[in-house]
Amino acid sequence: MSQAILAITEQLDGSFKNVSFEVISAGKKIAEKTGGPLIAGVMGAGIEAIAGQAAEYGADRILLADHEGLKDGLSDACIQAAAQLVAKSGPAVVLIGATSLGKDIAARLSARLDAPLAMDCVDVRVEGDQVVATRPMYGGKVLAEVSLSGTPAIVAIRPRAVEAVAAQGQGEVEKVDISLDGTTLSLVEKHMETGKIELTEADVVVTGGRGMGGDDFAVVEALAKVLGGAVGASRSAVDEGWRAVSDQVGQTGKVVAPNLYIACGVSGAIQHLAGMASSRVVVAVNKDPEAPIFSKCDFGIVGDLFDVVPAITAEIEKMKG
Amino acid sequence: MEIAVLLKQVPATESLIEIADGGTTIKTDGINWVMNPYDELAVEEALQIRAADGGTVTVFSLGPEKAVEALRTALAMGADTAVRIDPQGKPMDGLSTAKVLAGELKKGAFDLIIAGHRAVDDDNFQVGPAVAELMGIPHISMVIRQEVTDGRIRCTRTIDGGTLVLETALPALITTQRGLNEPRYASLPGIMKAKKKPIDTRALSETGTDPGEPMVRTIAMRLPPQRKGGRIIEGDSATAKAEALVKALREEAKVI
Ligand SMILES: Cc1cc2nc3c(=O)[nH]c(=O)nc-3n(C[C@H](O)[C@H](O)[C@H](O)COP(=O)(O)OP(=O)(O)OC[C@H]3O[C@@H](n4cnc5c(N)ncnc54)[C@H](O)[C@@H]3O)c2cc1C
Ligand SMILES: Nc1ncnc2c1ncn2[C@@H]1O[C@H](COP(=O)(O)O)[C@@H](O)[C@H]1O
């Protein structure tokens, strides 16, 4: 049996996404068990210059699929490329970030290779000759241990679940010629929200709920800004039309796991808690002392968020000097 | 347009989930079962396309007898035909589910297949794209807007940090994301009519698809650590409370 681990990375506009290094680090841990090698797969257009960075997290080999057709990160082209990187490296385990693109690749790859897939995992390890992964189910209400039998075992890793750890690898970059025949998706338009920190990648998330009372999120945005964080919303705030669906935290929104989660004017419904329960520290600001969120937080402040949140922002600014 | 919708019955999201004896499944008593919320979006979108372009909407579910309820809901919303594939107690992972569904879909001639982006029980995010792969057709995930013209579909999909507008040829599969539409409620006449519509039930053993043994198995389940009640920060004013909070976050929690 092959012992190689393939870690498929993702980049955006010529830089690796953080999750790429997390995935390589997860691979490193497994490769130490299987004996390796740890191979990083890099896909994109004109990205030769950054490919070598994969070695800084322990990649022994770096397979580079550099193709004009991979420029926009369209899922079908990336799936073709990923399948060819798998064919080239014959891995026992394929790791990939469970981003919106990574999930598409993982799901189709599993069907194409008739290989087991564990999606959106928070941990992966090798026990004996079994690959075992930990994955949240029921929107985070349960943590399941799943075993994968079949080769390659495909494990998609949730962003921020595994720590990226620097480790020097040999990391020779080898170019792989790939063909993108048979792709049918064409890009009409791409719209990126510039300067916005992606919720799932943020260290700090400040969320506004129905207690915001309207679409003016200025106080929440100001707090997020001093903390270098992202702004989230409860489903009620989204349903009211105050924020975009992509800002929603919860069981049917995004699952976030920042170091610090600050919920402002959020009551703490079970579907909301499911999306933020694995945050390291949770702060709640709510004017109702009986709000359920107070029994699911680390620190709570009872008060009007329009007084309390600006006061917290001011205090942090003062601290930073 | 011949449209197929894939739907699954799942525990309502407000359900309190407990782990059953044996530790690899959840307790099912006391759970309120509903159609997966993303599949409601799928049914609604299919009905809107049919209203505009004509055609039929067929809903498919692979699930036990009870899953008939979700299929009836779809019929009550307005779907034309419902198919239930009975797994006959066989354990399934995401890929085996996709194999069985793809096998049945291939027997029809669907222009468009709509699935949920994810089922809120297993959270596999897998079955839609896997079905598309097995059928050899393109897919577009997390769609918030679509438009069909001249045998092509143009979709706006969400990605991390933005949106893409993509186009591909039919037949194709799309998966739904919130924002696509507001699912209708079944009307009373709809519910009455749905009660009379037959549900085409197919036993797994008769489908001609052998999904094999599941390659992914749950070996243990646990509940994530629960937060205890938090410490309420007291103070005479908003400023005093903020000061105490920031001190606690910096010195005790060490997060800022
Ligand atoms: C199928 C389904 C899926 C769902 N998925 C999600 C999901 O993914 N995410 C999600 O969040 N919800 C989800 N929900 C909705 C969820 O059940 C709750 O309705 C929602 O989370 C409530 O949002 P909220 O806390 O902002 O609003 P509310 O429950 O209305 O709470 C508002 C809070 O703000 C406080 N408040 C008001 N004014 C102020 C003020 N000036 N200062 C301080 N506090 C103030 C109030 O005391 C109250 O506690 C889902 C529901 C369903 C049925
Ligand atoms: N047993 C099933 N029967 C029919 N459709 C399903 C089934 N399981 C999953 N699906 C479809 O696939 C989508 C994604 O499910 P999942 O990959 O399990 O998260 C769901 O929203 C449904 O549209």
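The values are calculated or read from the model by the stated rules, or taken from the named source; none is laboratory data. What you see is a predicted model; the values in this text were computed from it and never measured. Here Cβ is always computed from backbone atoms with ideal geometry, including for glycine, and neighbour counts include all displayed protein chains.
For the reader, a short list of remarks on this structure follows.
- Just so you know, in region B:121-132 the residues that are at negative phi and surrounded by fewer than 24 Cβ atoms within 10 Å (Cβ to Cβ) include one that is nearest to ligand 1 (Cβ to nearest atom), and it is B:121.
- Boolean, residue A:279 is more than 7 Å from ligand 1 (Cβ to nearest atom), among the polar types (S, T, N, Q) and at the interface with another protein chain (Cβ under 9 Å from one of its Cβ atoms): no
- Sole exception among (1) away from ligand 1 (no atom under 16 Å from the Cβ); (2) closer than 23 Å to residue B:132 by Cα; (3) not in a helix (DSSP H, G or I) for residue B:103, by number: (3)
- Annotation note: of B:86, B:29, B:111, the sole residue that is over 25 Å from residue A:102 (Cα atoms), modelled with pLDDT under 95 and charged (D, E, K, R) is B:29.
- Breaking point among (1) more than 16 Å from ligand 2 (Cβ to nearest atom); (2) charged (D, E, K, R); (3) more than 9 Å from chain B (Cβ to nearest Cβ), for residue A:254: (1)
- Of all residue pairs spaced 6 or more apart or on separate chains, none has beta-carbon atoms under 8 Å together with a first member in region A:285-309 that is under 16 Å from residue A:212 (Cβ atoms) and a second member that is within 16 Å of ligand 2 (Cβ to nearest atom).
- Of all residues making up region B:144-163, the number that are on the phi < 0 side of the Ramachandran plot and not in a strand (DSSP E or B): 1
- Subset of region A:123-146 [more than 16 Å from ligand 1 (Cβ to nearest atom) and assigned to a loop (DSSP other than H, G, I, E, B)]: A:128, A:129
- Qualifying positions in region A:86-119 - facing another protein chain (nearest Cβ under 7 Å), without any contact (Cβ under 8 Å) to a residue 60 or more places away in the chain and under 12 Å from residue A:157 (Cα atoms): A:100, A:103, A:117, A:118, A:119
- The set of residues in region B:67-95 being under 16 Å from the mean Cα position of the chain (by Cα) and small (Gly, Ala, Ser) consists of B:67, B:70, B:74, B:94.
- So residue B:150, is it charged (D, E, K, R) and at pLDDT below 95: yes
- The single condition among (1) among the β-branched types (Val, Ile, Thr); (2) touching a residue at least 60 places away in the same chain (Cβ under 8 Å); (3) in contact with an Asp or Glu (Cβ under 7 Å, 6 or more places away or on another chain) that residue A:238 does not meet is (2).
- Against the list (1) within 23 Å of residue A:137 (Cα to Cα); (2) within 11 Å of ligand 1 (Cβ to nearest atom); (3) buried (at least 19 other Cβ atoms within 10 Å of the Cβ), the condition residue A:260 fails is (2).
- Yes/no for residue B:166 being facing chain A (nearest Cβ under 7 Å), more than 16 Å from ligand 1 (Cβ to nearest atom) and in a helix (DSSP H, G or I): no
- Taken over region A:46-56, the criterion of being assigned to a loop (DSSP other than H, G, I, E, B) and among the small types (Gly, Ala, Ser) is satisfied by A:46 alone.
- Unique residue being touching a residue at least 40 places away in the same chain (Cβ under 8 Å), within 16 Å of ligand 2 (Cβ to nearest atom) and farther than 29 Å from residue A:317 by Cα when the list is A:166, A:274: A:274
- Test: residue in region B:76-98 that is away from ligand 1 (no atom under 16 Å from the Cβ), more than 7 Å from every other protein chain (Cβ to nearest Cβ), among the hydroxyl-bearing types (Ser, Thr, Tyr) and in a helix (DSSP H, G or I): yes
- Only listed residue being surrounded by 24 or more Cβ atoms within 10 Å (Cβ to Cβ) and part of a loop (DSSP other than H, G, I, E, B), chosen from A:115, A:59: A:59
- So residue B:256, is it over 30 Å from residue B:108 (Cα atoms), of a type in the set (A, V, I, L, M, F, W, C) and free of Cβ contacts under 8 Å to residues at least 60 places away in the same chain: yes
- Within region B:3-30, tally of residues that are surrounded by 16 or more Cβ atoms within 10 Å (Cβ to Cβ), within 27 Å of residue B:78 (Cβ to Cβ) and either within 13 Å of ligand 2 (Cβ to nearest atom) or of a type outside the set (S, T, N, Q) (or both): 9
- A single member of B:140, B:199, B:144 is modelled with pLDDT of 95 or more, facing chain A (nearest Cβ under 8 Å) and surrounded by fewer than 20 Cβ atoms within 10 Å (Cβ to Cβ), and it is B:144.
- Within region A:300-310, the set of residues being surrounded by 22 or more Cβ atoms within 10 Å (Cβ to Cβ) and at the interface with chain B (Cβ under 7 Å from one of its Cβ atoms) comprises A:300, A:301, A:308.
- Checking region A:306-318 against the condition returns no match, with no residue being touching a Lys or Arg at 6+ places or on another chain (Cβ under 8 Å) and among the aromatic types (Phe, Trp, Tyr).
- Candidate set: region B:109-137, residues that are outside any loop (DSSP other than H, G, I, E, B) and more than 9 Å from chain A (Cβ to nearest Cβ); chosen: the one nearest to residue A:254 (Cα to Cα): B:116
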